[in-house]
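**Q** Handing you this structure, nothing more for now.
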Amino acid sequence: MGKHLFRSSPPPEKPTAHLSLAESAVQECMSNINTVISKWTSPAASSSDDFLFSTNSRREAEEFVTAVRHLQSTMHRLVSVNPSSEKLIYAQNLMQSAMKLLESEFHRVLKANREYLDPECVSVRSYRSSRFSTSTTTSVSDSEDESSYEENADEEHRFSGGDSDAMDDLKMIADCMISTGYAKECVRVYKTVRKSIVDETLHNLQMERFNLHQVQKMDWEILESKIKTWLKAVKLAVRKLFFGERILADHVFSSSGLIVESSFTEITQEGALILFTFPEYASKIKKLTPEKMFRFLDMYEALANLYVEIESIFYFESAAAVRSQVINSLARLGDATRLMMTDFESAIQKETSKTPIIGGGVHPLTRYVMNYLSFLADYSDSIAAIFENWKLSVPTPLPDSLYISGGDEANPEDLYSSTVSVRIAWVILLTLCKIDGKAQPYKDVALSYLFLANNLQYVVVKVRSSTLKVLLGDDWVFRHEEKVKLYADKFEKLAWGKVLDLLPEIPTDEISPEEAKVLVARFNDEFETSYRKQTSWVIPDPKLRDQIKITLSQKLMLVCTEFYRMNRFAYGMVGDNEAISRYTPEDIGNYLSDLYFGSRGSGSVSTAGGSGSGSGSGTGSSSTGKARGGRSSH
């Protein structure tokens, strides 16, 4: 550099009188510039830690850039008046030396302040100061909550070695080099440094370049881990990396929109396409099963939520491939989701298990479907977009027994406004159809109705306690709650009807001892038979269990208590101390309280040895009943 500068130095000045005004101006600029170049390219400068564009010499740097700009303008004037002037040759050589110094400083500032110019830091600072240039870009969506960026506010202060004026220094150098015709050299340095940072950042985010074949060959466990990694990376890449690069390019090259576009696109497009192509490849795997749907919905939701920001950041025409890839990936994710939903519905229809659930409890199909749908409802915005214009095709007429109020659900699309609601209502109805069929194998009709009540109650509770309620509405919940009550009423009549029919509805008059003894004996047998049969039956939902028990208690206890009061003698001692009644109304209440928790022992009612012998008015059975009642309180 020293030899080059020596060759570019002008010859001894001629007498001032012989110099034109233009030559004088050029001479003055050359003198100022040459002094600065000599200072900052000398061996002493090379061995020091100080640089032209640093805090201690920033004023000198500004004066140097001004002098270079002035030299450019005076050279133009000299060309117009004396194009053969020797000073033009020396001035041009000096200009090249000045550009080499600026190019070197541009590269140094980019490298030395790499952490301060980290895209995350740039994006946080830009968010606060609204630096987006209105002349070269549209504004990035401001819908993002400021708190999401504020949590990264301390990032700026981590980099104590960074120069807070680095962005302005880069802009100053770029403006000078572009205005003097050295834009190509400036942009080349910028692209080289910044692209390496983008590529390294994506590598640190564990983003890898895959082709379709590689993704399709992955085991699901591996692919799922890649999806999880992608989900974490995509938000950081868009909101920090690409956004930060866009801000930096806009600021540094604000004097030229074309340079902003070309540099930003070349720096980010390759990495962006690697990032945004992955969901499309994942959507094309050959084994798409319903259990995998939620990972694909996660990707869809992430891309859809970021789309406005992506569109704004990659606003340029040259970045159309990036925007197009995002749209294409969203479309493929939607296709995959619809395919998995179709398979999910098909799996419900093909479910063929015939073994009755012990005790009439909730069928695994009901649990699986409702848990699945409740998770699905949490993606309501995404599935609303995916299911839009996806018409429901009902293959066969649905059983009238599953319609409420005489077939209100014959056409689900008439009841629900959104395609999501229609689809979910249909899947639930499809499941209830299968459950209706699975109630048929029960030999005891009462147990089949208990099974239906349990399963429909599970469905209603899941809907009421999740986002499904928002999609299906209060009316849907109300109508299905009424259907649960209908099943419960039929269960009560079938399970306890014989017991209730034995007692007069309103026992206002005393009956003869003989009639009382016969009635009590029959009541004992029927109650014990019903109780013993139902000890293994279950009502998993506490609310439904309590409702049924309260209803039974009201029906049984009211009549039994009055009958017992008016016919006390039949419950006492007769003849040879044979106890006619094996338990009192209080015992009945205790036995009822212990029902519907599932199998609890032998399933027999205590009868004082089973012979009917005992003392007092059912004292032994009463104590046993209280013990049962005590356990049921847990």
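**Q** When ligands, DNA and RNA are left out and all protein chains stay put, how many square angstrom of accessible area per residue does the range 264-328 have with a 1.4 Å probe?
**A** I get 37 Å² per residue for the range 264-328.
**Q** Could you list, in their original order, any pairs among LYS191/LYS228; LYS485/LYS549; LYS191/LYS232; LYS235/LYS286 whose Cα atoms are separated by more than 19 Å?
**A** LYS191/LYS228; LYS191/LYS232; LYS235/LYS286
**Q** Could you give the size of the charge dipole of the range 187-350 about its Cα centre, using +1 on the Cβ of each K and R and -1 on the Cβ of each D and E, expressed in debye and rounded to the nearest 20?
**A** Charge dipole, the range 187-350, about its Cα centre: 260 debye, nearest 20.
**Q** Taking a 20 Å limit on the Cα-Cα distance, which of the listed pairs LYS469/LYS490; LYS391/LYS462; LYS195/LYS226; LYS217/LYS292 fall beyond it?
**A** Too far apart for the 20 Å limit: LYS469/LYS490; LYS391/LYS462; LYS195/LYS226.
**Q** How large, in percent, is the carbon and sulfur part of the accessible surface of the range 187-350 at a probe radius of 1.4 Å?
**A** 52
The values are calculated or read from the model by the stated rules, or taken from the named source; none is laboratory data. Bear in mind the structure is a predicted one, so any value in this text is a computation, not a measurement. Positions of Cβ are generated from backbone atoms using ideal geometry, with glycine treated the same way; all protein chains shown enter the neighbour counts. Calculation scope for accessible area: heavy atoms of the full protein, side chains included, ligands and nucleic acids excluded. Shrake-Rupley method; radii C 1.70, N 1.55, O 1.52, S 1.80 Å.
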